[in-house]
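The block underneath contains the structure these notes are about, expressed in structure tokens.
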Amino acid sequence: MIDGKNLFNLTYYLLEDKKKYYKEKPILIYLSGEIRKEYSYEEFIGNVVHISEIIKNLSFSKERILIRMANSPEYIFAFLGIVLSGNIAVPLSPQLTEDEVSFIISDCEAGFLLRSPIFSHETYSIPDLIPESNASVPLEKIPFPSDTSPETPAYLVYTSGTTGYPKGVLHPQKSILGRLPMKDGWNGMNPKDKTLHPGQMNWTYTMGVGMTDPILAGATAVLTDSAFSPEVLVDILKKERITIFSTVPALYRRLIKYGDFSGFPSSLRHCLSAGESLSPNLRDTWKSLTGVEIYEALGMSEISTYLSTSPFIPYKENSPGKIQKGRNIKLLPRDGGLDECKPGEIGILSVHKDEPGLFLRYWKSEKEPLPFRDSYFLTGDLAHRDLDGYLFYHGRNDDILNASGYRISPLEIERLIRHHEFVHDVGVTSIDTGQNYHILVAFLIAEPGLEDETSLISNLRTYLTQHLAGYKIPKEFILVKELPFNRNGKLSRKDLQKLFPPHRNIIQ
């Protein structure tokens, strides 16, 4: 509330009154190959305001503006500048094809495009918004925009849709307030920290932990162009004396396999993980190599992370943690009602409509009702709670597999198989064998040096028989060299099905 008006802006809230943290250190450090550039608080604000002023001088508002850039400071300046101007930022992955970008342009009816020179050869139906080079001026203070409220749309992120096409998830200006419970509930950042998340800036996980959270805490964020190998990333952790490192489990596995951990820095306080389930074996291996914990979180594009472990919430095996303090989130029964599930009962994680981090709506869905039950948005994430308040994830409601007439959570099976001493990683899915008969299939990556496939599978069947109901045990086990992951490091069950040999004889 400013001058009696209900005004609020994400960028202003993020950057206003933060100069006190950055008098003697940079707000951002950018690494690209041999390039290392530091940005002062004043330079950072100057670049953001420069973008905002160019847009405001064009006299339009609530326009969708696409960001077609590689990971770079310019990506961040574009995002925050668009939001500051009162328009809607549409951050895109640099890995998208020209056709995919064209679909998003059409779907969100974008008005302008901001892009890096590496994408200048692409042809689109909308004009470029090209800021004048080197025209920004360092500023001491960020101006407040006059026409954005807490509910004003701020940015539109595209995520996988059930129709086979990406769907837009629209977030309000107040969404930045939804990140505040993560400070004690997950990331534990403070002004002395130097953070690194090497992911793509279009992903809410990277944008949050890699950009907004460090600035909210007064920390220095380190940004890479995402082109570094695992070996070089480990070297960056050492040279830059990173205190908090964040990524997905898939990259932690690659770092363990290829990185040189000799002389690992004592600067690292802890690490963060999200995007897919963090296995106990992976966590333990990382801790033995680095001496630090990985704190896991569970979230989604519609609200970001809302339950987690942290320096203040101890780790419990196979649990991503507890609901963050101050959040109005319930575990509601799958078959209806508002009474919370009892400990041990699987329910749907549900978010109250007043949660500031909750999205506004799906793009082009004004006439389609969102999955609300009374005042609670049904996330589709399934979990159960134990007596200590820890939640245990059972996958997406729409990820539940059907096999032999049973509804089965693949995560439960994967969690157990990962505990086996000879299994490095696993992905479970259902395969249609014909006549609409589905079986469970586990695709395994064996630990290095294991050669006896028959013995492994036999041993694994015996092991699972001791821990799982018979209908949950995969009918087939197939050894593979690698598992398919999507751009965000999540296991792709759709692509997993493509690994099944087409002429394999199946036991039914």
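One residue alone among Leu349, Leu387 is hydrophobic (A, V, I, L, M, F, W, C), touching a Ser or Thr at 6+ places or on another chain (Cβ under 6 Å) and either in contact (Cβ under 8 Å) with a residue 12 or more places away in the chain or not assigned by TED's automatic domain parsing to the domain that holds Ser310 (or both), and that residue is Leu349. For the structure I just gave you, tell me whether Leu289 is in a helix (DSSP H, G or I), surrounded by 19 or more Cβ atoms within 10 Å (Cβ to Cβ) and either assigned by TED's automatic domain parsing to the domain that holds Pro91 or modelled with pLDDT under 95 (or both). Answer is no for this residue. A residue that is of a type outside the set (Phe, Trp, Tyr), outside the structural domain of Ser301 (by TED's automatic domain parsing), touching a strand residue (DSSP E or B) at 6+ places or on another chain (Cβ under 7 Å) and on the phi < 0 side of the Ramachandran plot occurs somewhere in segment 449-456. In segment 313-358, what residues are among the polar types (S, T, N, Q) and surrounded by fewer than 17 Cβ atoms within 10 Å (Cβ to Cβ)? If the condition is that a residue be among the polar types (S, T, N, Q) and surrounded by fewer than 17 Cβ atoms within 10 Å (Cβ to Cβ), then Asn328 is the only one that fits. Could you tell me whether any residue of segment 66-73 is in contact with a Cys (Cβ under 8 Å, 6 or more places away or on another chain), among the charged types (D, E, K, R) and within 25 Å of Ser102 (Cα to Cα)? Within segment 66-73 (the criterion being in contact with a Cys (Cβ under 8 Å, 6 or more places away or on another chain), among the charged types (D, E, K, R) and within 25 Å of Ser102 (Cα to Cα)), the answer is no, since none of the residues qualifies. Thr206 falls short of the stated requirement of being outside the structural domain of Glu100 (by TED's automatic domain parsing), part of a strand (DSSP E or B) and of a type in the set (Val, Ile, Thr).
Out of Gly218, Gly275, one residue alone is surrounded by fewer than 22 Cβ atoms within 10 Å (Cβ to Cβ), of a type outside the set (Asp, Glu) and on the phi > 0 side of the Ramachandran plot. It is Gly218.
Restricting attention to segment 421-447, the residues that are out of contact with any His (no Cβ under 6 Å at 6 or more places or on another chain), modelled with pLDDT of 85 or more and of a type outside the set (A, V, I, L, M, F, W, C) add up to 5.
When residues in segment 252-267 are screened for being of a type in the set (A, V, I, L, M) and surrounded by fewer than 19 Cβ atoms within 10 Å (Cβ to Cβ), 1 of them pass. Among the residues making up segment 313-346, those that are more than 22 Å from the chain's Cα centre (by Cα), touching a residue at least 40 places away in the same chain (Cβ under 8 Å) and farther than 16 Å from Asp381 by Cβ are Pro343, Gly344. Just checking, does segment 122-131 include any residue being in contact with a Cys (Cβ under 7 Å, 6 or more places away or on another chain) and either farther than 24 Å from Ala221 by Cβ or surrounded by fewer than 17 Cβ atoms within 10 Å (Cβ to Cβ) (or both)? Among the residues of segment 122-131, not one is in contact with a Cys (Cβ under 7 Å, 6 or more places away or on another chain) and either farther than 24 Å from Ala221 by Cβ or surrounded by fewer than 17 Cβ atoms within 10 Å (Cβ to Cβ) (or both), which makes the answer no. Please find, within segment 298-310, the residue that is modelled with the highest pLDDT out of those that are assigned to a strand (DSSP E or B) and not hydroxyl-bearing (Ser, Thr, Tyr). Top of the filtered list is Leu307. Would it be correct to say that Asp213 is out of contact with any Leu (no Cβ under 9 Å at 6 or more places or on another chain), part of a helix (DSSP H, G or I), under 20 Å from Glu240 (Cβ atoms) and of a type outside the set (Val, Ile, Thr)? Yes; evaluated as a whole, the condition is true for this residue. Are any of the residues in segment 438-447 of a type outside the set (A, V, I, L, M, F, W, C), within 23 Å of Ser273 (Cβ to Cβ) and either touching a residue at least 24 places away in the same chain (Cβ under 8 Å) or not in a loop (DSSP other than H, G, I, E, B) (or both)? The answer is yes; a qualifying residue exists. Tyr295 - would you say it is under 30 Å from Glu38 (Cβ atoms), assigned to a helix (DSSP H, G or I) and of a type in the set (Ser, Thr, Tyr)? Taking the combined requirement at face value, the residue does not satisfy it. Is it the case that some residue within segment 225-236 is free of Cβ contacts under 8 Å to residues at least 60 places away in the same chain, within 20 Å of Asn190 (Cα to Cα) and in a loop (DSSP other than H, G, I, E, B)? No, segment 225-236 contains no residue that is free of Cβ contacts under 8 Å to residues at least 60 places away in the same chain, within 20 Å of Asn190 (Cα to Cα) and in a loop (DSSP other than H, G, I, E, B). Residue pairs whose Cβ atoms lie under 9 Å apart, separated by 6 or more positions or on different chains, with the first residue in segment 457-474 and touching a residue at least 24 places away in the same chain (Cβ under 8 Å) and the second surrounded by fewer than 12 Cβ atoms within 10 Å (Cβ to Cβ) and part of a helix (DSSP H, G or I), are Ile473/Thr465. Remark: Ser492 falls outside the filter, which requires a residue to be over 19 Å from Ser409 (Cβ atoms) and of a type outside the set (D, E, K, R). Checking the stated criteria, Ile417 turns out not to satisfy the condition of being of a type in the set (A, V, I, L, M, F, W, C), surrounded by fewer than 18 Cβ atoms within 10 Å (Cβ to Cβ) and in contact with a strand residue (DSSP E or B) (Cβ under 6 Å, 6 or more places away or on another chain).
Each row is one residue, and each column tells you yes or no for (1) closer than 19 Å to Leu177 by Cβ; (2) in contact with a Phe, Trp or Tyr (Cβ under 9 Å, 6 or more places away or on another chain); (3) not β-branched (Val, Ile, Thr).
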{"residue": "Asn6", "(1), (2), (3)": "yes, no, yes"}
{"residue": "Leu10", "(1), (2), (3)": "yes, yes, yes"}
{"residue": "Leu14", "(1), (2), (3)": "yes, no, yes"}
{"residue": "Asp17", "(1), (2), (3)": "yes, no, yes"}
{"residue": "Lys23", "(1), (2), (3)": "no, yes, yes"}
{"residue": "Tyr30", "(1), (2), (3)": "no, yes, yes"}
{"residue": "Ile35", "(1), (2), (3)": "no, no, no"}
{"residue": "Ser40", "(1), (2), (3)": "no, yes, yes"}
{"residue": "His50", "(1), (2), (3)": "no, yes, yes"}
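With respect to being under 21 Å from Arg396 (Cβ atoms) and either at pLDDT 95 or above or not aromatic (Phe, Trp, Tyr) (or both), Pro333 fits the description.
The values are calculated or read from the model by the stated rules, or taken from the named source; none is laboratory data. Since this is a predicted model, take the numbers as computed values, not measurements. Every residue, glycine as well, gets a Cβ built from its backbone with ideal geometry; the counts of neighbours run over all protein chains shown.
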